[in-house]
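Below is one structure; the comments refer to it alone.
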Amino acid sequence: MKKKVLIVEDQFVEADYLKLMLTKAGYAVCEIARSVAEALEIIKVEEPSLVLIDIFLKGKLTGIDLARQLKEEGMAFIYLSANSNEEVLTAAKATEPYGFLVKPFREKDLMIALEIAFYRHEESKEASWRVEMKVQKALNRIVATGDSWTNKLIATASALQQYLPFDCLAVKFKPVEQQTFSGCLFLRTGFDEYQVVGITELSTISRLQVAEIEQVLRSTPVDHTAGWYNGDDFTALFPAHPMKAMMAKTFGFGSNLVFPFSAASPDSVSFSLSFFRRLSDGYSAEKLDWLFRLQQPLHAVLNSISQAQKEEAFTMHYQASVPTASASRSAPCLQEIIGTSPSILNVMDLVSQVATSETSVLILGESGTGKEKIASCIHTSSGRKNEAFIKVNCAALPPSLIESELFGHEKGAFTGAIERRIGKFEQAHNGTIFLDEIGELPLELQVKLLRVLQEKEVERVGSRSVLKIDVRIIAATNRNLEREVAAGKFRLDLYYRLNVFPILLPPLRERPDDLPALTAHFIEQFNRRAGKKIKAVSAAVAQKFATYKWPGNIRELEHLIERSVLLCKGQIIDDVSLPEFSNETQNAVAETRTKTMEENERDHILSVLKLCNGKVWGPGAAAEMLNLPPSTLKSRMNKLGIKKVFTE
């Protein structure tokens, strides 16, 4: 049966040419849609396998608006565009397209893009199914164990964590005859570690009296309906759910997903799982739907807890008998990543998710944040771990030699080519190639790299034949690629080909809680090298570290500790030499650092809101100035944590 493709394009000549190419290649082409409204009507009737979408269409709605709906419905789509500014690119990226074609494009480019999109779509469905099966098996094993209820729930949390990330899981029990619920929290403290928090521990953490927490619990209704709440939607729950308000204030949570289980009989117990994240956009309909498909094995786990243990959980003054516990699901390399801050735990979760797949990965972050370490971890956790891991620093290669270095050359291909050279891609065959500083690659080489990625073949300089290669791509950059694309310095189609699975590494200044562990790690490392027995840094030095901005990130800390270990005369490092910046210099550093896409978008929206005195919609308001529908702007504000009422 022919695969069916819908073209959404308001330019007749381009749409007709696309239709001819697709028909020639054996695809069935639906009636061409000129607008989002037409496309939605055709989709209802035709049910295409894939949609080609021009971003700029006639009418108020754009191709991006259509893509958001297609994403919710799980339908594959590819963007078509002649050019895009940074704002449009940001919005398009958020919809997670299956490809991006820059006009004009070759027929071969279109066919390859379609092939990749269909493969990725099927692979994502297959991967989703494999995830479900894996988690179901883990939950079934938990049911069969005779562990305590805390250990069973910790194991359940670990099984769900990789695919339904959370910073805290509240497990609530309620006998049918009672009006209030009881239970405890599982607070994530490490990659595989959770602290079991009962009411006594919560009193200590929140600095509220036990009696006050009990009153909050009595005033909080039981969750009867499954749902997810992000940003302002989560905040809107606080008046009716004071316990959620207390949790948000105590732990800084910004989103919540609730999943209740009804009691099977009048004398049994109902359960509720409530997931919390510090991110303001932590959950989605997709996550909730995935949880629904696991409802049966989750219910079995909760029902496998003995009645006596349930009664223990019903005690409001329950004290955790196991303050912290762990479940092993991490690859060995993840244990080498130092830190337990939420931002670095999120990185570990992403690495754990993507490592075993064949997906391309784009690692983003400032210099010195550990991009090469993460790339190596992905490789050593993958099915290619026994094959080559080839590192290429694109910024260190002379422009005249980049092509030869990457793809190789034949003897006599150019002056000085006295012998055949095997390129980095050939060396990485069946393994992984790490393209560091990919943002430094010249535009003419970007075109050739894109074709290598799409066609999975290389041609040595001076050769007339091509060589098939099987290579996994991991790229990294400290540049803002969206800005580079908008400036015409980086190809949009290459960006989308690399940006299949982005991982953003946080700068060290955003991980202050990890500084003590990182400091201790480097002291131990350099003690071994220098044969010293230094124990720690002094309290004064630790305070200096905590207030310093670390423009060089982890690499700067590593080099500073190495020097300090060598100079230290005793067992405590009590003096370090940190660069001193004036306020002007610090501001300059802050301005020149590469901001993330979200930071740039947030700053831009905030600056427009200032001009509009906080007015979001209406004449002269922010939505009008940004040329966005008010609903779209409101959605972006919620996602970026910008409050509705703007204040100076």
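The values are calculated or read from the model by the stated rules, or taken from the named source; none is laboratory data. Being a predicted model, the structure only gives us computed values, none of them experimental. Every residue, glycine as well, gets a Cβ built from its backbone with ideal geometry; the counts of neighbours run over all protein chains shown. For accessibility, only protein heavy atoms count, side chains too; no ligands or nucleic acids. Shrake-Rupley method; radii C 1.70, N 1.55, O 1.52, S 1.80 Å.
Numbers below:
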{"quantity": "Residue among Asn430, Ile42, Leu294 farthest towards the positive dipole end of the chain, charges placed on Cβ", "calculated": "Asn430"}
{"quantity": "Length released on extending from Glu457 to Ser306, taking residue separation times 0.36 nm less the Cα-Cα span", "calculated": "48.5 nm"}
{"quantity": "Cβ charges +1 (Lys, Arg) and -1 (Asp, Glu), total dipole of segment 1-154, debye", "calculated": "540"}
{"quantity": "Estimated FRET transfer efficiency (Lys108, Asn613; beta-carbon r; R0 51 Å; 0.05)", "calculated": "0.45"}
{"quantity": "Placed amide H near Gly183: partners under 5 Å, 5+ positions off or other chain", "calculated": "Phe173"}
{"quantity": "Per residue value of the accessible surface for the chain (all protein chains in place, 1.4 Å probe), Å²", "calculated": "48"}
{"quantity": "Cα gyration tensor category, rounded, prolate or oblate, for segment 1-128 with a/c compared to 1.5", "calculated": "rounded"}
{"quantity": "Net length gained if the chain between Val447 and Ala536 were fully extended (0.36 nm per residue, minus Cα distance)", "calculated": "27.0 nm"}
{"quantity": "Leu567 paired with Ala285, simple spin-label distance in nm, labels 7 Å along Cα-to-beta-carbon", "calculated": "5.9"}
{"quantity": "Selected from Ser631, Ser607, His521, residue furthest toward positive end of dipole (the chain; charges at beta carbon)", "calculated": "His521"}
{"quantity": "Label point at Lys24 placed 7 Å out along Cα→Cβ; residues across segment 74-108 whose backbone nitrogen lies under 17 Å", "calculated": "104-108"}
{"quantity": "Ratio Rg/Rh [Cα only; Rh per Kirkwood] for segment 424-481", "calculated": "0.97"}
{"quantity": "Förster radius 35 Å - calculated FRET efficiency between Val222 and Ala546 (Cβ-Cβ, nearest 0.05)", "calculated": "0.25"}
{"quantity": "Whole-Å distance, taken between Cα centres, linking segment 194-251 and segment 122-144", "calculated": "31"}
{"quantity": "Check: the chain dipole with +1 on Lys, Arg Cβ and -1 on Asp, Glu Cβ, in debye", "calculated": "840"}
{"quantity": "Fully extended contour minus Cα-Cα distance, from Ala520 to Glu72, at 0.36 nm per residue", "calculated": "156.7 nm"}
{"quantity": "Cα gyration tensor category, rounded, prolate or oblate, for the chain with a/c compared to 1.5", "calculated": "oblate"}
{"quantity": "Note, ³J(HN,Hα) from phi for segment 386-402, Karplus 6.51, -1.76, 1.60, rounded to Hz, x at Gly and Pro", "calculated": "8, 9, 5, 10, 9, 9, 10, 9, 5, 6, 8, 8, x, x, 6, 10, 4"}
{"quantity": "Integer Hz, Karplus 6.51/-1.76/1.60 couplings in order for segment 410-418, x for Gly and Pro", "calculated": "8, 4, x, 5, 7, 4, x, 7, 7"}
{"quantity": "Table column - 3J(HN,Hα) (Hz), segment 625-637, Karplus curve with 6.51, -1.76, 1.60, x for Gly and Pro", "calculated": "5, 8, 6, 10, x, x, 5, 5, 5, 4, 5, 5, 4"}
{"quantity": "Projected label distance in nm at Asn386 and Gln427, using a 7 Å step from Cα toward the beta-carbon", "calculated": "2.3"}
{"quantity": "At R0 = 45 Å, FRET efficiency that the Cβ-Cβ distance of Arg528 and Thr145 yields, to 0.05", "calculated": "0.65"}
{"quantity": "Over the chain, relative contact order from alpha-carbon pairs under 8 Å, at least 6 apart, %", "calculated": "11"}
{"quantity": "Mean ellipticity per residue at 222 nm, deg cm²/dmol - from DSSP H runs of n ≥ 4 across the chain, formula -39500 (n - 2.57)", "calculated": "-13500 deg cm²/dmol"}
{"quantity": "Kirkwood Rh in Å, taken over segment 102-161 so that all alpha-carbon pairs contribute", "calculated": "14.6"}
{"quantity": "Relative packing of peptides 137-144, 396-403, 470-477 - highest average C-beta neighbours within 10 Å first", "calculated": "470-477, 137-144, 396-403"}
{"quantity": "Solvent-accessible surface (1.4 angstrom probe) belonging to Lys19, in square angstrom, nearest 10", "calculated": "80"}
{"quantity": "Packing-based ranking, highest mean first, of 222-234, 421-433 given that Cβ atoms within 10 Å are counted", "calculated": "421-433, 222-234"}
{"quantity": "Separation in nanometres of the label points that stand 7 Å from Cα toward Cβ, at Phe292 and Arg555", "calculated": "4.8"}
